[in-house]
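We did not get these values from a lab; they are worked out from the coordinates using the rules stated. Note that the coordinates shown come from a computational prediction; the quantities given were computed from them, not determined experimentally. Every residue, glycine among them, receives a Cβ derived from its backbone with ideal geometry; neighbour counts consider all protein chains shown.
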Amino acid sequence: MTPSPTSSSSSGSSSTPAGGPVEQAKADLSKRLGIDPAQVTVVSSEEVTWSDGSLGCPEPDMLYTQALVPGNRTILEVGGTQYNYHSGAGRAPFLCEHPR
């Protein structure tokens, strides 16, 4: 009868969703595309060490910290199109349109 101390609601953004970067990436992509997260397929997810602060997704004319950064690379797929999500250094997974 005692309610669970944790909620399954994903409305709170202050805590990391179950599954960490993979679930965060799936949630972001499904929101971007306006689809159900169940339609997103995880192709791969791996811990990586990025060579600098760009987290493997450098933007032109930007300067980045020149240090090794532990992080994650997740590749998702929807309808035959793959999407790369990178994270690290405390940054939540973000869509990387031109991964290096």
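Scanning region 54-100 for residues that are in a loop (DSSP other than H, G, I, E, B) and in contact with a strand residue (DSSP E or B) (Cβ under 7 Å, 6 or more places away or on another chain) yields Leu55, Gly56, Cys57, Leu68, Ala89, Pro99.
Close Cβ contacts (under 7 Å, 6 or more residues apart or on different chains) running from residues in region 76-100 that are farther than 16 Å from Ser44 by Cβ to residues that are of a type in the set (Phe, Trp, Tyr) and surrounded by 19 or more Cβ atoms within 10 Å (Cβ to Cβ) comprise Gly88/Trp50; Phe94/Tyr85.
Residues of region 30-53 that are within 17 Å of the chain's Cα centre (by Cα) and either in a strand (DSSP E or B) or hydroxyl-bearing (Ser, Thr, Tyr) (or both): Ser30, Thr41, Val42, Val43, Ser44, Ser45, Glu46, Glu47, Val48, Thr49, Trp50. Within region 15-47, the set of residues being touching a residue at least 60 places away in the same chain (Cβ under 8 Å) and not aliphatic (A, V, I, L, M) comprises Pro21, Gln24, Asp28, Arg32. A search for C-beta distances below 6 Å between a residue of region 48-75 that is more than 15 Å from Pro99 (Cβ to Cβ) and any residue that is assigned to a strand (DSSP E or B) and of a type in the set (S, T, N, Q), counting only pairs 6+ apart in sequence or on different chains, returns Leu68/Thr49; Pro70/Thr49.
Residues that are loosely packed, with under 14 Cβ neighbours inside 10 Å, among the β-branched types (Val, Ile, Thr) and more than 22 Å from Leu29 (Cα to Cα) within region 64-84 comprise just one, Thr65.
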